[in-house]
1. For Arg29 and Met46 in one chain, what is 0.36 nm times their gap in residues minus the Cα-Cα distance, to one decimal in nm?
2. Just want the ordering: Ser8, Ser39, Ser14, from fewest to most Cβ atoms lying within 10 Å of their own Cβ.
Amino acid sequence: MPSLLQVSTPEGESGRVMRSEDDYIFRYRDDAAAHSAISLLMPPRMNEYRHRELHLIFQVCGVEQPQDVIRTQLQALEQILASSSEVTEKARHVVAAIQKSGDPFRQTFG
């Protein structure tokens with residue numbers, strides 16, 4: 001069963017989202033610790049999580065359209081940075097650096 005998406009938290013890789021014929025499956029890595037939980041409602045466990053629809057946590061995170069989520073977050077950040085006179089000079093550099101960090105998403109999802 002091929003992976004659709006590798007899922008990570010700030011603590012590192014947590015697991016993978018896969019698709020079976022009827023379900024979306026999330027499976028934590030075998031060595032996943034409690035701090036790698038992707039949701040309080042989905043703590044690490046050996047059994048996989050199965051849902052007919054893509055689980056809500058992934059829908060909220062925009063797994064199907066990551067470029068839209070990234071674009072929205074960058075626009076919000078740009079507005080915040082531009083509204084502060086102290087960081088206005090640095091805003092374009094910060095936004096450029098964050099946009100560059102989205103390159104792997106663009107390469108993967110187009």
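1. Roughly 5.3 nm would be gained on extension.
2. Ser8, Ser39, Ser14
Rule-based calculations on the coordinates, nothing more; no lab input. Model, not experiment: these values are computed from the prediction. In this analysis, Cβ positions are derived from the backbone assuming ideal geometry, glycine residues included, and neighbour counts consider all displayed protein chains.
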